[in-house]
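Novice: Handing you a structure now.
The values are calculated or read from the model by the stated rules, or taken from the named source; none is laboratory data. This one's a predicted model, so the numbers in the text were calculated from it and none came from an experiment. As a convention, Cβ positions derive from the backbone with ideal geometry for all residues, glycine included, and neighbour counts pool all protein chains shown. Note: accessible area is taken over every heavy atom of the protein model, side chains too, but ligands, DNA and RNA are not part of it. Shrake-Rupley method; radii C 1.70, N 1.55, O 1.52, S 1.80 Å.
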Amino acid sequence: MTYLLQQALNALQLGSIYALIALGYTMVYGILTMINFAHGDLFMVGAFLCFVAATYLKLSFVPSLLLSMAGVALLGVVIEKWAYKPLRQAPRVSAIITALGVGIFLENFTLALCPYPKHIPPLIAHEMWSFGGVSISSLQILIILLSILLMILLDFIVRRTMVGMAMRAISWDKTIVPLMGVPVDRVISITFAIGTSLGGAAGVMYGLAYPVIDPYMGIMVGWKAFISAVVGGIGNIRGAMIGGFILGGVEILVAAFLPSTYRDFVAFAFLLVLLIFRPYGILGKPHPQKV
Amino acid sequence: MSTVLKSAGRGWREITGNRAFMPSLIVAGFVFSFAAAQFELLDPYVQLILMYVGINIILASSLNLINGYMGEFSVGHAGFMAVGAYTASILTVSVFPGGATFLLFPLAVLAGGLVSALVGLVVAVPSFKTRGDYLAIVTLAFNMIIKSLIENLEAVGGPRGFLGMEKLTTLPWVFFWTVLSVWIIRNLVYSNFGRGVLSIREDEIASDLMSVNTRHVKLIAFVVSSFFAGIAGALFAHLLQYINPRMFDILKSTDILIMVYLGGIGSIAGSIIGATIFTVLLEILRPMGLWRMVLMPLLLVILMIFRPRGIMGLREFRWFVPLHDFLAVRLWRRKKEAADASS
Amino acid sequence: MPLLESRNLTHYFDGLCAVSDFNLDVEPGEIVGIIGPNGAGKTTVFNLFTGVYRATGGSVLFDGSEIVGRTPSEITSLGIARTFQNIRLFKELSVLDNVRVAHYAQVRYNAIEALLQIGRYRAEEKRVTDRAMDLLAAFRLEDHAEEPAGNLPYGMQRRLEMARALATGPRLLLLDEPAAGMNPNEIVQLMDLIQWIRKSFGLTILLIEHQMRLVMGICERLKVLDFGATIAEGLPRDIQNHPKVLEAYLGEEVSP
């Protein structure tokens, strides 16, 4: 039982990181119906920015986090402006391929700048508490609480503010909304800023929780987060959160009972089985094609 | 000057429009590839690059069938490659080792393609119901599962990889398989099934309503595409003489995607150009070290912004179009004129 | 025996009733019109007939055999073809290929013959191309055979859609608002075209239309839908003055 609880805690930690990244995928998809394949690499950039802030600028946790989030958000907005915006009228795959290209560029650019894996110095005082055999670290509490806080904040923005309303309106109908005086470009920029900054925050947390960061770390984590978004129903914000925690749970469960080499296998097989029964994810709705 | 160019253009068109143009080009190419390998007309390094170009052409044109012609978005092509590579390698190393391997090599390559095609049949089934992004995820998951499966198969070396293959892939063989795959994919495109494939890209519902059996068409497209990916994998394995599961991960699939979209979707000529440019450019830029991997994606992004459909984008060299199809309308007109004149 | 027989055909979208108890007999050779205000469920009826949607209830017999539950391509191969309200050509394919695609079910070579260009491949390709060209010529489109369909002007695109539908070799043709976006002059030409198609291809035609001029001019029988239900049917001139029809189109009469 304690073992299970311990694993549940680990699942919550991993799941919240997946969920944060998945939100970025889902927000961009919701507004542009485009898979931003560079998103996993923005997560990586977040981790590296935190490394720079903590190692060279000697900043503490909160400033490092804010700096990473801001830096990644800026990068996200610039990428959208320069690489994706010119392709809004082009075939959808062109934008996806561009995103893949941007992702590979970010990976290799980072690799060219720092060829060796790095380690983020401990920014959080390490403390362990034990509750009836279940041990929990200060870092775990921080990751879980911070993620939940960010998600609540996002949910609030999307549901209760004008910007959020504009985002939902654009994802609902791209042709009419601009005619209603909604500044579409600005809303898209804000969406990218928010979505990517969440990815940056996830990068910081991942970098703190796991020993090393390297330029290719965003690929696998990015794909997993993308799966989370799909499992939840891509384009659906609450779905992305749920999907992240589900995938985190599945992975930790597999690691607990099977050799760790089966982790990816089971995660992806799970995805396939889920898509057979719920082709549009848990909270997603099918889009009926009009004839 | 312009008249010279014009007459040169006309001359060129006459040459390429000739019925014997493609066959003689192929024969010449095969003879040359054979001579180059046999008498070392070419530097072994250049031969190696040419072989990579060939293998990449097979990969790009077979993926183009699904992504360019059919308009789906498959991101797991390297998974099929892995199936072909492992199947053929197991055959040449473990099943029939010994002196006759070079004779059995084409059979092993063929087997690699067939097993891969069988797997392609399975992957085609989800494409009946899901499209676009969701099919992308299915193929992605397929790629990851194949890789993960091989990593867990100790019999083929697991994550350490598999070795012991002889270097059976030679320039003439690569040339042969490249021409065969391009020819067959072209034949498919210019057939009833190919028109079905294209109409699915344009409008799947309308296609179904125009009597196209979309499931059947998708099955054929996936089987042919995965067959050739398997062939390419088999050739790749016997060129490198060592394979491991990480060679066939999503990064490899991404490379193939880049070749396809660089060259242009829905164009075999585009895939040939895309694969050639990608392979050769990577070699030329080798002195740049790590920065070449920074430059390549940057070039891709810039190309996509200015030419979203790639270099060729839905266009085809005239001499790739089967002559009978190319002349079909003209023949009909001539016949009609004759009929009108006689009546 | 009627060519098409629909019995209590009913369809719901997420609990919303789009078509209820739709009954219709179409005799061979007839031209029947379905009219009704926007959103009355007319196009849904076509989608049910052609297998795009699977009916929630009821049955459709085509030439005596049940077609509810069959795929669109099966139904088309049986002999029902259609056009679309908003033109749905294969825009990037050539005009010729648009018509050749529609021959899909009539081509008699298999995949192996196609991949290796052996056996019946050549002869069949020639046959299909010639038939497609003849059909294009009948619609005065033969000079545009090699252009992408999306480049044609609107009127030609409408004609090409009809040619493409006819290429599937139908016995029943469903026309979904063929006169949409046409001026009165063009509508007169269209009426001639539809009559000509019926005669020269020996077809039965079912059409949806808003243009009363066209409907009154060529339909032999009419069926009026409103909110998924049939509110009237009969000869065109009877329908014109039917109180329920006037109500559906013009709204309820305000009693003084």
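Novice: Just to verify a result, which residue in the range A:79-101, among those that are open to solvent by 50 Å² or more (accessible area, probe 1.4 Å) and more than 9 Å from chain B (Cβ to nearest Cβ), is farthest from A:I188 (Cα to Cα)?
Specialist: A:R88
Novice: Starting from the range A:15-33, take each residue that is within 16 Å of B:G132 (Cα to Cα) and list its partners that are open to solvent by 10 Å² or more (accessible area, probe 1.4 Å) and of a type in the set (S, T, N, Q), counting only C-beta distances under 7 angstrom and pairs at least six apart or across chains.
Specialist: Listed pairs, sorted by first residue: A:T26/A:N236; A:G30/A:S171.
Novice: Among A:A47, A:A54, which is part of a helix (DSSP H, G or I), in contact (Cβ under 8 Å) with a residue 60 or more places away in the chain and more than 17 Å from the chain's Cα centre (by Cα)?
Specialist: Answer to the check: A:A54.
Novice: Now for a different question. For the condition in contact (Cβ under 8 Å) with a residue 60 or more places away in the chain, away from chain B (no Cβ under 14 Å) and either within 30 Å of B:L290 (Cα to Cα) or in a helix (DSSP H, G or I) (or both), what is the one hit in A:S135, A:S68?
Specialist: The match here is A:S68.
Novice: Turning to a different aspect of this structure: For the range C:82-95, enumerate the residues that are farther than 13 Å from C:G150 by Cβ and either more than 8 Å from chain B (Cβ to nearest Cβ) or open to solvent by 10 Å² or more (accessible area, probe 1.4 Å) (or both).
Specialist: Hits for the range C:82-95 are C:T83, C:Q85, C:N86.
Novice: Please work out which residue is nearest to the other protein chains (Cβ to nearest Cβ), limiting yourself to the range A:115-132 and to residues that are open to solvent by 60 Å² or more (accessible area, probe 1.4 Å) and not in a loop (DSSP other than H, G, I, E, B). It would help to see each step written out before you state the result.
Specialist: We begin by selecting, within the range A:115-132, every residue open to solvent by 60 Å² or more (accessible area, probe 1.4 Å); these are A:115-117, A:119, A:122, A:125-132.
Now drop any that are not not in a loop (DSSP other than H, G, I, E, B), which leaves A:128-131.
Values: A:M128: 33, A:W129: 36, A:S130: 35, A:F131: 35 Å.
Top of the filtered list is A:M128.
Novice: Next question. Return the only residue of A:L247, A:L271, A:L283 being at the interface with chain B (Cβ under 9 Å from one of its Cβ atoms) and either under 28 Å from A:T191 (Cα atoms) or in contact with a strand residue (DSSP E or B) (Cβ under 8 Å, 6 or more places away or on another chain) (or both).
Specialist: Details: A:L247 fails: at the interface with chain B (Cβ under 9 Å from one of its Cβ atoms); A:L283 fails: at the interface with chain B (Cβ under 9 Å from one of its Cβ atoms).
None of the others qualify; the one that does is A:L271.
Novice: I'd like to know if the range C:61-73 contains one or more residues that are crowded, with 22+ Cβ neighbours inside 10 Å, under 30 Å from C:H144 (Cβ atoms) and under 18 Å from the mean Cα position of the chain (by Cα).
Specialist: Yes, the range C:61-73 has at least one match.
Novice: So A:V266 fits all but one of (1) facing chain B (nearest Cβ under 10 Å); (2) in contact (Cβ under 8 Å) with a residue 40 or more places away in the chain; (3) open to solvent by 10 Å² or more (accessible area, probe 1.4 Å); what number is the exception?
Specialist: (2)
Novice: Go through the range C:147-159 and give me each residue that's more than 22 Å from C:R82 (Cβ to Cβ) and touching an Asp or Glu at 6+ places or on another chain (Cβ under 9 Å).
Specialist: Across the range C:147-159, the qualifying residue is only C:P148.
Novice: Answer with yes or no whether B:L91 is more than 14 Å from every other protein chain (Cβ to nearest Cβ), out of contact with any strand residue (DSSP E or B) (no Cβ under 8 Å at 6 or more places or on another chain) and either of a type in the set (K, R) or not in a helix (DSSP H, G or I) (or both).
Specialist: no
Novice: Which of the residues that make up the range A:32-48 are surrounded by fewer than 24 Cβ atoms within 10 Å (Cβ to Cβ) and touching a helix residue (DSSP H, G or I) at 6+ places or on another chain (Cβ under 6 Å)?
Specialist: Listed by number, the list holds a single entry, A:M34.
Novice: Okay, moving on. For the range C:98-110, give me each residue that is outside any loop (DSSP other than H, G, I, E, B), within 7 Å of another protein chain (Cβ to nearest Cβ) and surrounded by 22 or more Cβ atoms within 10 Å (Cβ to Cβ).
Specialist: Within the range C:98-110, C:R100, C:V101, C:Y104 meet the criteria.
Novice: Same structure, new question: Is at least one residue of the range B:122-131 of a type in the set (S, T, N, Q) and either closer than 30 Å to A:T26 by Cβ or open to solvent by 30 Å² or more (accessible area, probe 1.4 Å) (or both)? Even if it seems obvious, please write down each step before you answer.
Specialist: To start, the set of residues in the range B:122-131 that are of a type in the set (S, T, N, Q) comprises B:127, B:130.
Applying the additional criterion that residues be either closer than 30 Å to A:T26 by Cβ or open to solvent by 30 Å² or more (accessible area, probe 1.4 Å) (or both) yields B:127, B:130.
There is at least one residue in the range B:122-131 that is of a type in the set (S, T, N, Q) and either closer than 30 Å to A:T26 by Cβ or open to solvent by 30 Å² or more (accessible area, probe 1.4 Å) (or both).
Novice: Checking the conditions here, which among B:G84, B:G164 is away from chain A (no Cβ under 14 Å) and either hydroxyl-bearing (S, T, Y) or open to solvent by 20 Å² or more (accessible area, probe 1.4 Å) (or both)?
Specialist: Checking each option against the conditions leaves just B:G164.
Novice: In addition: Residues of the range B:272-285 being within 14 Å of chain A (Cβ to nearest Cβ) and either touching a residue at least 24 places away in the same chain (Cβ under 8 Å) or not aliphatic (A, V, I, L, M) (or both), which ones?
Specialist: The answer is B:G274, B:F278.
Novice: If you don't mind, another one. Is it the case, given these coordinates, that B:T139 is farther than 20 Å from B:P106 by Cβ, within 21 Å of the chain's Cα centre (by Cα) and either facing chain A (nearest Cβ under 10 Å) or assigned to a helix (DSSP H, G or I) (or both)? Give the steps one after another, and end with the answer.
Specialist: Values: farther than 20 Å from B:P106 by Cβ: yes; within 21 Å of the chain's Cα centre (by Cα): yes; either facing chain A (nearest Cβ under 10 Å) or assigned to a helix (DSSP H, G or I) (or both): yes.
So B:T139 fits the description; yes.
Novice: Could you pull out the residue among B:S226, B:S199 that is facing another protein chain (nearest Cβ under 7 Å), in a helix (DSSP H, G or I) and of a type outside the set (V, I, T)?
Specialist: Answer to the check: B:S199.
Novice: Going residue by residue through the range B:56-77, is there one that turns out to be buried (at least 19 other Cβ atoms within 10 Å of the Cβ), under 25 Å from A:R263 (Cα atoms), in contact (Cβ under 8 Å) with a residue 24 or more places away in the chain and touching a strand residue (DSSP E or B) at 6+ places or on another chain (Cβ under 6 Å)? Walk me through it before giving the result.
Specialist: Of the residues in the range B:56-77, the ones buried (at least 19 other Cβ atoms within 10 Å of the Cβ) are B:56-77.
Next, only the ones that are under 25 Å from A:R263 (Cα atoms) stay: B:74-77.
Now drop any that are not in contact (Cβ under 8 Å) with a residue 24 or more places away in the chain, which leaves B:74-77.
With the extra rule that they be touching a strand residue (DSSP E or B) at 6+ places or on another chain (Cβ under 6 Å), the set shrinks to none.
For the range B:56-77, residues buried (at least 19 other Cβ atoms within 10 Å of the Cβ), under 25 Å from A:R263 (Cα atoms), in contact (Cβ under 8 Å) with a residue 24 or more places away in the chain and touching a strand residue (DSSP E or B) at 6+ places or on another chain (Cβ under 6 Å): absent.
Novice: Here is a follow-up. Within the bounds of the range B:238-245, is there any residue that is more than 18 Å from the chain's Cα centre (by Cα), surrounded by 24 or more Cβ atoms within 10 Å (Cβ to Cβ) and of a type in the set (A, V, I, L, M)?
Specialist: For the range B:238-245, residues more than 18 Å from the chain's Cα centre (by Cα), surrounded by 24 or more Cβ atoms within 10 Å (Cβ to Cβ) and of a type in the set (A, V, I, L, M): present.
Novice: Would you confirm whether any residue within the range C:128-137 is open to solvent by 10 Å² or more (accessible area, probe 1.4 Å), in contact (Cβ under 8 Å) with a residue 40 or more places away in the chain and assigned to a helix (DSSP H, G or I)?
Specialist: no
Novice: In addition: Looking at A:S60 and the list (1) away from every other protein chain (no Cβ under 14 Å); (2) buried (at least 16 other Cβ atoms within 10 Å of the Cβ), which single condition is not satisfied?
Specialist: All conditions pass for A:S60, except number (2).
Novice: Here's a follow-up. Considering only residues that are touching a Leu at 6+ places or on another chain (Cβ under 7 Å) and buried (at least 22 other Cβ atoms within 10 Å of the Cβ), look in the range B:174-187 and name the one that is farthest from the other protein chains (Cβ to nearest Cβ).
Specialist: Among those that are touching a Leu at 6+ places or on another chain (Cβ under 7 Å) and buried (at least 22 other Cβ atoms within 10 Å of the Cβ), it is B:V174.
Novice: What do you reckon, is C:T43 within 8 Å of another protein chain (Cβ to nearest Cβ), in contact with a strand residue (DSSP E or B) (Cβ under 9 Å, 6 or more places away or on another chain) and either crowded, with 19+ Cβ neighbours inside 10 Å or closer than 26 Å to C:Q195 by Cβ (or both)? Full working, then the answer.
Specialist: Details: within 8 Å of another protein chain (Cβ to nearest Cβ): yes; in contact with a strand residue (DSSP E or B) (Cβ under 9 Å, 6 or more places away or on another chain): yes; either crowded, with 19+ Cβ neighbours inside 10 Å or closer than 26 Å to C:Q195 by Cβ (or both): yes.
So C:T43 passes the test.
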